[in-house]
Structure formats: structure tokens, C-alpha cells
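Report on the following structure.
The values are calculated or read from the model by the stated rules, or taken from the named source; none is laboratory data. Just so you know, these numbers come straight off a predicted model, no measurement behind them. Every residue, glycine as well, gets a Cβ built from its backbone with ideal geometry; the counts of neighbours run over all protein chains shown. To get the accessible areas, we keep the full protein, side chains included, count just its heavy atoms, and leave off ligands, DNA and RNA. Shrake-Rupley method; radii C 1.70, N 1.55, O 1.52, S 1.80 Å.
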Amino acid sequence: MLLQLVTALAALAGAACSLLAEGSGTGAVSGILPFTAGGFIYLGTVSVIPEILRNSGPGQAFLQLLALLAGVAMMLLIAHYE
């Protein structure tokens, strides 16, 4: 639980850095946002997927994986239309 808190705080710090860098030009933002999104995707695939597969039945695991992919798709849509 403590590691989840540390991970969440790091994600918030990354989001804060990207918001602070917004006024400094497109070069800074275009470098920080992919790093932050990649961190979310990495955490989702490396830490969440094994837990889903270990603790759920096949149907429930499939639905949870679809939800994870929907989250990634939302990040792509936000990045595309921003």
C-alpha cells in the first residue's frame, strides 16, 4: 500500500512538472508528457496485469484488461485533441 502511495505521488509530481513546463514552450511539454504517459502505461502493464490474471477468472480478467486498454485509448485521444 505504501508503494502504491509512492507511485501515485510520483505520478502527481510528473503531472505537476508537465503543467509547470506548459508555459516554457512546446519542446518541454512534448518531452514531459510522453514520459508521464509512458509511466502510467508501464505501471499498468507490469504491476496490474499480473495481479488481474492471478486473482480473477478469465471473464473478469478480460473485462479488466479492456478497461485498462480503454484508459490507454483515452490518453491517446486526449493527447491527439489537445
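Numbers below:
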read-out: Segment 1-81: relative contact order in percent, alpha carbon pairs under 8 Å with at least 6 residues between; value: 21 percent
read-out: Global geometry of segment 1-81, whether rounded, prolate or oblate, following the gyration tensor of its Cα atoms and the 1.5 cut on a/c; value: oblate
read-out: Within the accessible area of the chain (1.4 Å probe), percent carbon and sulfur; value: 76 percent
read-out: Whole-number accessible area per residue in Å² for segment 1-81, which is evaluated in the context of all protein chains at 1.4 Å; value: 75 Å²
read-out: Rounded to 10°, Cα long-axis angle of helix 26-43 versus longest principal axis of the chain; value: 10 degrees
read-out: 0 to 90° range, to nearest 10: angle between helix 58-81 axis and the chain longest Cα axis; value: 10 degrees
read-out: Pairwise label distance in nanometres, residue 35 with residue 7, each label 7 Å out on the Cα-Cβ vector; value: 2.0 nm
